Every structure is written in structure tokens, then in C-alpha cells.
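The values are calculated or read from the model by the stated rules, or taken from the named source; none is laboratory data. This is a predicted model, so every value here is computed, not measured. All Cβ positions, even for glycine, are placed from backbone atoms using ideal geometry, and neighbour counts span all protein chains on display.
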Amino acid sequence: MNIQDLVSSKYIDEFIIGEELHHGCIQITPYRNKEYIKKFRKGFLLGADSNFAKSSGYIDPEQDIKQSKFNIAEPSVVSQGYLFNVGFGLSVHDISFNAIANLSYKNLRYGKPVFEGDVLFGKSKVIGIEVKKDGASNGSVQVKTIITNQRDEVVLEYVRQVLLRATPGIKMDAASNLEIQPEEIDLDSLVLPHEFKNLDKKSLGEDGKAFNDFEINERYDGNYQKSINLVDFSWLQISTLNDASVHHNPNSNFIGYGGAIKSTVEGEISCHMPHAYFLGMVNGSHDAPTYPGNIIQSLFDSKNDDDEKIIGSFIVQDMMEVESRNDLGILKIKLIGEKIVTEAGMKAFEKAGFKGVTNIKDGKIRVLTMEMLVAVPKKEAFK
């Protein structure tokens with residue numbers, strides 16, 4: 001029996017435009033937040049501790065966070081990278097357990113800050129369905145997902161499009177009913193940090209920059225590169241309730257969860273903006289599969305340290321001033337993840353039947369592209 005016959009997740013032909021799906025809830029524990037920071041986001045300072053978040057202006061120093069405590073003495077702000085993965089993971093079983101691929105993210109916005117101890121709830125609305133041709137055995141569903149806390153405050157919302165299989169034996173009629181998403185995010189809809197202030201210049205480190213120091217069209221490379229092992233892929237999925245079947249399939253080389261790729265790339269470039277406060281994502285895509293480095297080495301008897309190694313960078317596309325805010329500016333960046341394609345990596349592509357090998361250039365292939373909006377403190381915010 002196929003494992004997909006044992007679960008409740010839908011096939012593409014079972015979705016109905018307009019229906020709402022409620023995904024349950026998850027409590028964010030201090031261990032999960034801090035372990036995520038340790039594994040994936042080494043250089044970002046948000047989430048260090050609650051006193052730092054208040055004194056540096058990430059959150060309102062007068063805000064009473066006792067309502068978020070749930071017996072946690074000093075709850076920290078939850079890393080926005082981990083919040084993204086939780087918001088995604090909550091929806092997987094109901095939407096994308098049977099996914100072939102996540103095609104895109106659009107119009108993602110972070111809302112109220114999340115604290116350790118908060119309980120997050122997820123719901124999604126089906127807003128579009130697309131089937132490329134008559135007789136197809138797959139198609140894509142477009143959903144808008146909203147994540148709220150225990151006070152019913154929105155903490156994250158986004159639109160994603162997922163390629164799904166049809167029920168075995170079902171052939172689909174061609175259809176295209178996708179909801180058009182805006183090309184840009186309205187800056188007035190973004191939730192900004194309270195007020196950056198009293199930041200220590202030393203906290204920038206060797207590569208860190210204030211908003212004023214960035215340049216449009218300049219590319220900034222991460223200061224380290226790493227592959228992701230199966231344990232870290234699996235930890236992130238388990239801790240965010242992401243049970244997508246494709247990641248547990250040996251026939252697909254245990255293909256890596258895209259949220260871990262995003263987290264790794266963001267961690268690699270954090271040296272340039274340690275005080276970054278992520279506001280939203282205009283659009284994003286996973287462009288090619290990545291596999292656990294240790295699995296590829298085991299499957300194909302390789303000892304190459306570059307197997308599945310991720311290279312993170314970003315390009316500044318625009319720099320935007322915010323009216324009445326002298327403490328920060330907003331960067332629009334193109335976040336880029338590439339991986340080194342080794343001999344073992346090529347064998348993995350061949351085993352999985354990946355058809356995009358023509359996109360390999362100079363021994364690398366693009367695996368992630370995301371246009372993001374980030375608030376960065378100006379020089380005036382440092383002491």
C-alpha cells in the first residue's frame with residue numbers, strides 16, 4: 001500500500017476554490033527557537049533575548065510580554081526564519097503532503113512579533129487552481145495562508161502555489177483560475193520594528209553594515225558555505241510539523257526541505273546585516289533540488305567536502321527611505337542560493353530524474369531565489 005493512501009491530505013482534484021482549511025496549532029518553545037538559531041542563523045541578533053530586543057528597539061520596551069509567557073521566565077522574540085518554517089509546516093498535511101513541488105511564494109508579510117511560549121494557529125483559503133492541459137495527472141493549487149497567535153493577532157501571511165498529483169486514475173481537465181498577486185508589496189502594509197536605538201557598533205562585526213553603507217546592484221556573498229545533513233533537515237521538519245512525504249522517499253534521495261535551504265542561505269549572509277528585521281517577501285521559488293550531504297556521500301561513496309554545499313548571497317535591488325523614520329531604511333534584496341554540483345551530485349540528479357541539469361554553470365546551480373524586504377538600522381541608530 002502506498003503511504004499516501006493512509007493520510008488525509010488532498011489530491012489536486014479534491015480542492016475547491018473558496019474552501020477554508022484549518023491546520024491546528026503549535027506552541028513555540030525556547031528550545032526550538034534557540035536550536036533553530038544555532039543550526040541555521042548564526043549571525044542574526046533578533047531572538048538573542050527579550051531584554052536585548054527591547055533595549056535595541058526591535059520591540060516596544062513598554063510592551064508587556066507576560067501574556068506570552070506560558071510559564072517561560074524571559075521569553076525571547078522568535079526568529080523570523082523559524083516563524084516562516086512553522087507557518088509553512090502547519091499547512092503541509094492539509095495541503096502539500098502529496099506535493100510534487102512548491103512552485104512559488106508571493107506577497108508574504110510578517111505581522112506582530114512572536115515570543116517563545118506563543119501558540120500559533122494556521123488556516124488557509126484556496127484561491128486558485130491551475131491544470132496545464134486536458135488529461136493531466138497533476139495540477140497546482142494556490143492558497144493564502146494566515147498564521148495567528150493566541151490573541152488572534154496576525155503574525156504571518158503568504159500566498160503559495162503547490163504542484164500536486166491527482167487521485168490515481170483521475171485525468172484532469174485544463175483550467176486556469178489563479179488569483180493575480182501584486183508585483184510589489186505596499187510598504188504601508190508592513191509591520192516595522194519599534195525604533196532602532198542604542199545599537200553597539202561592535203555588534204556589526206567585520207562585515208556588518210548600516211543601511212547607509214549598502215549600494216544598489218551590489219552583490220554581497222556569505223562568509224561561509226555549508227551542506228545540510230539529514231539530521232538537520234529532519235529536525236526542522238519535525239519541529240514545525242512538516243510531514244511532506246517526498247522528503248522521506250529514498251527514490252528521491254530524501255530530497256531536502258526547501259525551508260532548510262532558505263534558512264541556510266539567510267544564515268550565510270547574516271554577517272552583512274546582523275540587525276536585519278525581515279518584513280516580507282515579494283516572491284520566491286525553489287529552483288532545483290538539494291539533498292542531504294551525508295546521504296549523497298553514503299549513496300554514491302563520495303568523500304568530497306563540496307557535496308551539496310550551499311552558497312548564499314544577495315543583490316541589493318532597491319533602497320527605500322521610510323517617512324518619519326530616521327532610525328532605519330528598507331532594502332529590497334534578491335536572496336540567492338546556489339549549490340556546488342559534484343560528481344556525486346550529478347549522480348543524485350540522474351537517479352531522481354531531474355531534468356534541469358542544463359542550468360548547471362561553472363559547476364553550480366541555482367536552488368533558491370527570493371525577493372525580500374528587510375528593515376536595516378541606519379548609522380544614526382548606533383552609538
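A few points about this structure:
- Taking segment 49-61 as the range and being of a type outside the set (Ser, Thr, Tyr), surrounded by 17 or more Cβ atoms within 10 Å (Cβ to Cβ) and closer than 13 Å to residue 115 by Cβ as the test, the residues that pass are 53, 54, 59.
- Enumeration of residues in segment 146-196 that are within 30 Å of residue 327 (Cα to Cα) and aliphatic (A, V, I, L, M): 146, 147, 154, 155, 156, 185, 187, 190, 191, 192
- Some residue of segment 284-294 being of a type in the set (Val, Ile, Thr) and farther than 30 Å from residue 113 by Cα: yes
- Where residue 164 falls short, out of the listed (1) in contact (Cβ under 8 Å) with a residue 12 or more places away in the chain; (2) in a loop (DSSP other than H, G, I, E, B); (3) not polar (S, T, N, Q): (2)
- Every residue from segment 260-306 that is under 22 Å from the mean Cα position of the chain (by Cα) and over 23 Å from residue 317 (Cβ atoms): 260, 289, 290, 291, 292, 293
- Any chance residue 152 is farther than 30 Å from residue 298 by Cα, in contact with a strand residue (DSSP E or B) (Cβ under 9 Å, 6 or more places away or on another chain) and among the acidic types (Asp, Glu): yes
- Test: residue in segment 84-93 that is touching an Asp or Glu at 6+ places or on another chain (Cβ under 9 Å) and more than 19 Å from residue 29 (Cα to Cα): yes
- Residue in segment 272-285 that is part of a helix (DSSP H, G or I) and not hydrophobic (A, V, I, L, M, F, W, C) present: yes
- Tally, over segment 208-230, of residues that are crowded, with 19+ Cβ neighbours inside 10 Å and closer than 20 Å to residue 364 by Cβ: 4
- Taken over segment 194-207, the criterion of being surrounded by fewer than 19 Cβ atoms within 10 Å (Cβ to Cβ) and either in a helix (DSSP H, G or I) or free of Cβ contacts under 8 Å to residues at least 24 places away in the same chain (or both) is satisfied by 201, 202, 203.
- Hits in segment 295-305 (condition: farther than 15 Å from residue 251 by Cα and crowded, with 18+ Cβ neighbours inside 10 Å): 297, 302
- Of all residues in segment 146-193 being of a type in the set (Lys, Arg) and under 23 Å from residue 97 (Cβ atoms), the one that is surrounded by the most Cβ atoms within 10 Å (Cβ to Cβ): 160
- On the stretch given as segment 9-54, residues that are of a type in the set (S, T, N, Q) and either modelled with pLDDT of 85 or more or within 23 Å of residue 243 (Cβ to Cβ) (or both) total 4.
- Scan segment 237-255 for residues that are within 20 Å of the chain's Cα centre (by Cα) and in a loop (DSSP other than H, G, I, E, B) and the total you get is 7.
- Output for segment 293-306, where each listed residue is part of a helix (DSSP H, G or I) and closer than 21 Å to residue 268 by Cα: 293, 294
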